[in-house]
1. Run the quick spin-label model on N49 and Y7: label points 7 Å from Cα toward the beta carbon, then report their separation in nm to one decimal.
2. Could you please report the charge total around T63, scoring K, R as +1 and D, E as -1 over all other residues with beta-carbon less than 11 angstrom from its beta-carbon?
3. Based on the Cβ-Cβ distance from K41 to N366, what FRET efficiency comes out when R0 is 41 Å, to the nearest 0.05?
4. Cα axis of helix 243-253 to longest principal axis of the chain: angle in degrees, 0 to 90, nearest 10?
5. Can you list the HN-Hα couplings for region 259-269, worked out from phi with the Karplus curve (6.51, -1.76, 1.60; θ = phi - 60°), rounded to whole Hz and with x for Gly and Pro?
6. Please give the net charge around G78, taking every other residue with its beta carbon less than 15 angstrom from that of G78, where Lys and Arg add +1 and Asp and Glu add -1.
7. Cut-off 11 Å, label point 7 angstrom out along Cα-to-Cβ of D110: give me the residues of region 137-159 whose amide nitrogen falls inside.
8. Treating only the Cβ of Lys, Arg, Asp and Glu as charged (+1, +1, -1, -1), what charge dipole size does the chain show about its Cα centre? Round to the nearest 20 debye.
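Readers should treat all values here as calculations from the given coordinates under stated rules, not as data from a laboratory. Treat the numbers as computed from the prediction; the structure is a model and nothing was measured. Don't worry about glycine lacking a Cβ; one is built from the backbone with ideal geometry, like all the others, and counts go over all protein chains shown.
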Amino acid sequence: MSSQKPYDIPFNRSSLVGKEQEYISEAMRIGQIAGDQSFTKKCHGLLENELKVSRALLTTSCTHAIEMAALLLDIKDGDEVIVPDFTFVSTINAFVLRGAKPVFIDIRPDTLNLDETKLKRLISSRTRAIVPVHYAGVGCEMDSILATARNAGVAVVEDNAHGLFGKYKGQYLGTFGCMATQSFHETKNFTCGEGGALLINDQKFVERAEIIREKGTNRSRFFRGQVDKYSWVDIGSSYIMSDVLAAFLFGQLEKWKEIQAKRRAIWSLYESELTEWSNEHGVRRPVIPPHCEQAYHMYYLLMPNLQARTALIDHLKSKSILSVFHYLPLHLSVMGQKYGGKEGDCPVCQDVSDRLLRLPYYNELNEDKQMRVIEAIRGFRP
């Protein structure tokens, strides 16, 4: 057992925001705890109504939602998938599992999103998909990405793990590509501990998505009375979330506007109180383009160098505050190098990865504790 004492101010902490416990009890009382029952349907309906997507399907994780997307696109050996170098491994792993070769693209120095100006030169005759990741819930440049993809006949699948209810030019993130994926992991704005969703914007994928999600059977059509029995009709797996988790998630999703308002206040306080200090010490804060409405998923600092970041992490730890760094460059990982990644391929990502520091950020972070974080940072000299 670890002897590590808990931090006074952790990096993340889950919290109840509404009727999560009541809904779980209701699911237990009526005996509906497997997947695709009352609360799953309520979550589907809320996401479809708010986002205006053709279909929303809860999954056991965002990873599984991306795996479903790879199956729906029939990704095969030798196909190529373009993915930002600065993302979680699940973004590309789902496609690699189907035999695809990852093609890592560098990120923009401002938003840290996929650099759309580098897309054309990376597309080949084998490219099957582009997977933009809306880092920190700030929209990628979707107009340019979609135009490039259309010209090349390539699918766009949005990894929107950070960006639910964020917008790009007034349109919700996750509604641009043929599909998008969401995460409801405990570190996300809305959570059920572990969970995800596949958003389907192209109607042609809906029926097969239901089949893949139901272990390759047409069980969903059977329950709707469209067939008199169900059987194995395609490849698939068990991607369906328990209704117990869906009950918890619905308690969060129905309060989404309140949650976003809280998170916006937290983000805004960091921004206003750290501006002078960051300008004085050459520390860069998040960049939000005027045409983007962010999802308020995180607040980060870009320190001048790796040494300064390490020192600030240690400084905050000494005050019982936990801050963390984020992704390492995928192209330099053990697996990334097996696919040809080498030093210098994605210089912006390598630079950012060494310097980025994420501050404590969770729904119930109150102003007193947040000011403790801010005062601790103000007392640090890079």
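1. Label at N49, label at Y7, 3.8 nm between them.
2. Details: positive: none; negative: E67, D159, E194.
Computed value for this residue: -3.
3. Numbers: r = 35 Å, r/R0 = 0.85.
In this case the efficiency is close to 0.70.
4. In the chain, helix 243-253 runs at an angle near 50 degrees to the longest axis.
5. Rounded to whole hertz, the list is 4, 5, 5, 4, 5, 5, 5, 5, 4, 5, 5.
6. Working: positive: K76, R98, K101, R126, R128; negative: D74, D77, D79, E80.
Value of the local net charge: +1.
7. 141
8. On the way: 47 positive and 46 negative charges, 53 e Å.
The calculated dipole for the chain is roughly 260 debye.
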